[in-house]
Amino acid sequence: MTATLQTTEQRYFTEEQYLALEETAEYKSEYLDGEIIPMTVGSTNHNQIAGNLYIALSLALKKQNYRIFIGDVRLWVPKVRLYTYPDVMVILGKPEYHNNRTDMITNPQVIVEVLSKSTKNYDRGDKFKLYKTIPSFREYILIDQTQINVEQYSKTENKKWLYSEYDEEDTALVFNSFELEIPLSDVYEQVNFEQVEQEDSQNEE
């Protein structure tokens, strides 16, 4: 899920205030240590990629001890007081819920973010640092929606992460958290890169 990096009001919100606002808000927001950060609406490419990966993971991990969630399920990261909505999350075993709320989980093993222009640096940098405080977190997948490019960070041991990059359609994304390969052609199925170019040219006019 994409997020703008500016808050609408520079004042402190409690967690309870944020959660109450989210119940009636027209658009989702992140919460980071007292600040509410509005999230931008995802593009059709963004939605298509997240959906493609969710379907591929759901089919491949069917009847195994994994749960896959997309978009609307909120992640709570207690050490940094972050509420956010990753595009896709994979959980090993049973979800651990925050405050017994089934819309907020705390134990993802794999987190997937589809990058946008406004948030790609945040997702690669500060947000990754925040995610690293999650004890169960083992794999981070960043997917570009403007071209074929997937970045993967896999935890090998304490505070050490292995980086891999995929940028050819005839290759496959190889997960390290479980035995699974997903062809990039499946990840990018029905994604329209020409649409991105048209949007860019319109924004420049």
Residues in the stretch 27-45: is at least one assigned to a helix (DSSP H, G or I), modelled with pLDDT of 90 or more and touching a strand residue (DSSP E or B) at 6+ places or on another chain (Cβ under 9 Å)? yes
Being assigned to a loop (DSSP other than H, G, I, E, B) and without any contact (Cβ under 8 Å) to a residue 60 or more places away in the chain is the filter; apply it to the stretch 81-107 and report the residue that is most open to solvent (accessible area, probe 1.4 Å). Lys94
Look at the stretch 27-59 and say how many of its residues are of a type in the set (A, V, I, L, M, F, W, C), closer than 30 Å to Glu179 by Cα and open to solvent by less than 20 Å² (accessible area, probe 1.4 Å). 4
Given (1) open to solvent by less than 40 Å² (accessible area, probe 1.4 Å); (2) part of a strand (DSSP E or B), Phe178 misses just (2)
In the stretch 114-143, how many residues are in contact with a Ser or Thr (Cβ under 7 Å, 6 or more places away or on another chain), more than 19 Å from Thr44 (Cβ to Cβ) and open to solvent by less than 90 Å² (accessible area, probe 1.4 Å)? 1
Considering only residues of the stretch 9-26 that are surrounded by 10 or more Cβ atoms within 10 Å (Cβ to Cβ) and not hydrophobic (A, V, I, L, M, F, W, C), which is modelled with the lowest pLDDT? Tyr12
Determine whether the stretch 144-163 contains at least one residue that is in contact (Cβ under 8 Å) with a residue 40 or more places away in the chain, closer than 16 Å to Pro86 by Cα and surrounded by 18 or more Cβ atoms within 10 Å (Cβ to Cβ). yes
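The values are calculated or read from the model by the stated rules, or taken from the named source; none is laboratory data. These figures come from a predicted structure and were not determined experimentally. As a convention, Cβ positions derive from the backbone with ideal geometry for all residues, glycine included, and neighbour counts pool all protein chains shown. Accessible surface is based on the protein model in full, side chains and every heavy atom, while ligands, DNA and RNA are left aside. Shrake-Rupley method; radii C 1.70, N 1.55, O 1.52, S 1.80 Å.
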